Amino acid sequence: MIALPYIEPVFRPPSEWKSLILQVTNGCSWNRCTFCDMYTQPQKKFKPKLQADIERELESVQQTGAHVGRVFLADGDAMTLSYRRLKDILEAINRYLPDVSRVSSYCLPRNILRKSVEELKELKELGLKLVYVGCESGDDKVLECIDKGETYASSLEALQKLKAAGIKSSVMILNGMGGVRYSEQHAIHSAQLMNEAQPEFLSTLVVSYPLGEQRVVDGFGGDYQLPDTYGLIKEMEILLSHLELESTIFRSDHASNYLVLKGTLNKDKEALLKMVTTALNRPGVIPLRQEWQRGL
């Protein structure tokens with residue numbers, strides 16, 4: 001294991017478990033989403049890291065002789081950095097760690113919109129092959145209530161821009177984010193967003209509030225209730241039934257999910273919907289995760 005001077009806590013997507021985590025910023029540039037407690041600690045105030053410090057860390061990794069094939073740029077949204085800063089970082093990665101075949105990052109749609117397709121294409125050529133886009137929902141009312149700072153339109157434009165640049169996108173939709181009141185429209189509009197964007201990867205996880213849900217309740221004007229297990233699976237049924245994807249790898253297997261679903265859409269859509277329908281109508285036939293088995 002390669003030890004770097006991280007400002008904890010540091011988060012990464014589950015699929016980046018083999019990657020070198022290179023912390024090029026601390027915290028999140030937005031950090032106002034009511035559902036997210038990832039960067040609320042005092043030490044996680046947003047700040048970009050100096051290029052000289054990043055290069056010192058890369059040099060220290062080089063000196064270990066470890067083979068590094070993938071790098072994940074932390075923290076919450078390295079894509080908030082300018083095109084010039086990202087270019088400098090990617091060039092340094094290539095210089096110190098020439099075996100790296102893929103660099104990835106979390107990303108807010110607004111920070112993609114600040115870069116041209118030509119700039120994104122150049123970053124892709126330098127190794128930025130994948131970004132994880134937390135759309136959370138395709139419903140403008142839900143996005144407003146959670147203070148996401150994005151809309152259906154801004155998310156779609158960013159995803160289309162990434163596709164035009166040849167950078168793959170892995171989109172996250174939060175099951176339950178609309179609460180009971182907006183569950184159906186949250187599912188339908190999220191599916192519509194994905195249908196227009198056609199991302200390479202799509203995943204869902206069940207929203208949870210380890211530090212309490214009061215901020216979320218306040219954002220919804222006091223009218224928010226997380227759907228129960230049946231409601232969450234019903235929402236998944238609505239989402240899947242409205243998805244029309246050409247070839248998107250779909251995962252709903254995060255530790256927070258009650259019902260584990262995996263496949264390629266639309267190829268496996270019928271089979272996945274059958275699992276969901278069975279879970280709804282024939283309880284116990286398809287095993288669900290118990291509360292003690294679930295986590296963040």
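The values are calculated or read from the model by the stated rules, or taken from the named source; none is laboratory data. A quick note: this is a predicted structure, and the numbers were derived from the prediction, not measured. Backbone-built Cβ (ideal geometry, glycine too); neighbour counts: all protein chains shown.
For every residue, the table says whether it meets (1) closer than 29 Å to Glu16 by Cα; (2) in contact with a Ser or Thr (Cβ under 6 Å, 6 or more places away or on another chain); (3) without any contact (Cβ under 8 Å) to a residue 40 or more places away in the chain.
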site: Glu184; (1), (2), (3): no, no, no
site: Met194; (1), (2), (3): yes, no, no
site: Phe250; (1), (2), (3): yes, no, no
site: His254; (1), (2), (3): yes, no, no
site: Lys269; (1), (2), (3): yes, no, yes
*Could you say which residue among Tyr39, Tyr96, Tyr106 is modelled with pLDDT under 95, crowded, with 17+ Cβ neighbours inside 10 Å and not charged (D, E, K, R)?*
Tyr39
_Residue among Gln225, Gln293 that alone is farther than 16 Å from Asp139 by Cβ and either modelled with pLDDT of 95 or more or under 21 Å from the mean Cα position of the chain (by Cα) (or both)_ = Gln225
*What tally of residues in segment 1-27 results from selecting those that are without any contact (Cβ under 8 Å) to a residue 60 or more places away in the chain, buried (at least 19 other Cβ atoms within 10 Å of the Cβ) and either within 25 Å of Gly176 (Cα to Cα) or not β-branched (Val, Ile, Thr) (or both)?*
3
*asked:* Which of the numbered conditions does Lys148 fail, given that it passes all the others? Conditions: (1) under 17 Å from Arg32 (Cα atoms); (2) surrounded by fewer than 18 Cβ atoms within 10 Å (Cβ to Cβ).
replied: (2)
*Scan segment 42-55 and report the pairs whose first residue is in a helix (DSSP H, G or I) and whose second residue is surrounded by 15 or more Cβ atoms within 10 Å (Cβ to Cβ) and basic (Lys, Arg), with Cβ atoms within less than 8 Å and a gap of 6+ or a chain change.*
Gln51/Arg85
*asked:* Residues that are crowded, with 18+ Cβ neighbours inside 10 Å, farther than 26 Å from Leu174 by Cβ and more than 22 Å from the chain's Cα centre (by Cα): does segment 67-75 have at least one?
replied: yes
*asked:* Just to be sure I understand, how many residues within segment 63-77 are touching a residue at least 24 places away in the same chain (Cβ under 8 Å) and part of a loop (DSSP other than H, G, I, E, B)?
replied: 7
*Only residues that are among the acidic types (Asp, Glu), closer than 13 Å to Leu272 by Cα and touching a Lys or Arg at 6+ places or on another chain (Cβ under 9 Å): list them for segment 214-259, please.*
Asp253
